[in-house]
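One structure is given here, and the rest of the page talks about it.
The values are calculated or read from the model by the stated rules, or taken from the named source; none is laboratory data. In this text the structure is predicted, and so the values were computed from the model without any measurement. Virtual Cβ from ideal backbone geometry, glycine too; neighbours counted across all protein chains shown. To get the accessible areas, we keep the full protein, side chains included, count just its heavy atoms, and leave off ligands, DNA and RNA. Shrake-Rupley method; radii C 1.70, N 1.55, O 1.52, S 1.80 Å.
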Amino acid sequence: MRETSGWIWFIIAGIVIFILGGLHMMTVHMNAILGIFNPAAGDAVDWENVSWRSRNLFFTVTYIFLLAAVLYHGFFGLRTILFELGPSRGAQRFITKFLWCAGIVLFVIGTYAAIAARSIGKVL
Amino acid sequence: MRETRQFDNHLGIIGWLGGGRWGIERYLYIIHRVAGLGILLFFMMHIFESSVRIFGPESWDTAMDVLAHPVFKLGEFVVFFGFAFHALNGLRLILIELGFAVGKAEEPVYPYRSSLNVQRPLMIVVMVIAAVLILAGGMNIFVLD
């Protein structure tokens, strides 16, 4: 049952990534074609655009949701692949705990950066 | 999450790479996994690289100057390629997982009509959209940016 709920959350996280990750890709990697969410024009990674997005509450919230979704989806997928190699039950427990710890540490670092970045740069 | 039941995996990693007599979807499954692992690896580095912005514009610009190197531009395209493929192929897998685009229930007589008449066209449409996105992304990264 817990595996089933883990799988359902894996799919939900995938849909969240499809939407928010797609928005991020369009904003940063298709900036010259679409030009969205880059108020200072120029490159999407120019400081003026990065600081504007960093101070915007919408982006702070979506970055944190995207961070959580990618870490869960990615580590659950990695766990699935590793389990297919047939590790012992003890190794399975270690893999699961290790990935949860790594995910939580990375989530804390990324969330701290997203929140701390809200106070950077000058207002455009 | 609890541990799953253990099954013997005779072929291991080699078994993932060979599609054998299976259709093109089997190869998409392999690429899906490789792309997923690549994106995960990139994402873990991206958390630290993008966090540099909290140290101010000088640190950010220094990091971006390093990432402006052609090798990293190629890397950016590889990530975009992987994301576009993984996202759209993943959407196809979710649709099928939820019972959409699998056709009506029928006796499984080979060649499976549901597979050929419904799932194969879905796969083609999804891959064409992925290809268009990848081309647009490549143009953005290498030509327009």
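The table that follows gives values for the structure above.
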item	result
Surface share of carbon and sulfur [accessible, 1.4 angstrom probe, percent] for the range B:21-144	74 percent
Solvent-accessible area per residue, Å², over the range B:21-144 with all protein chains present [probe radius 1.4 Å]	62 Å²
Extension gain from B:I24 to B:L74, taking 0.36 nm per residue of separation minus the Cα-Cα distance	15.3 nm
B/A buried area, accessible surface, summed, 1.4 Å probe, Å²	4400 Å²
Buried on assembly, the range B:122-145 (at least 40 Å² less accessible surface than by itself, 1.4 Å probe)	B:N140, B:D145
Cβ-derived FRET efficiency at R0 45 Å, B:H46 paired with B:L116, nearest 0.05	0.70
Rough spin-label spacing in nm, given labels placed 7 Å along Cα→Cβ, for A:A91 and A:Y112	3.4 nm
Among A:L23, A:L85, A:L99, residue whose mean-square fluctuation peaks in a GNM of chain A (springs only between Cα atoms under 10 Å)	A:L85
In order through the range B:44-56: 3J(HN,Hα) via Karplus (6.51 cos²θ - 1.76 cosθ + 1.60), integer Hz, x for Gly, Pro	5, 6, 5, 4, 6, 5, 6, 6, 4, 4, 6, 8, x
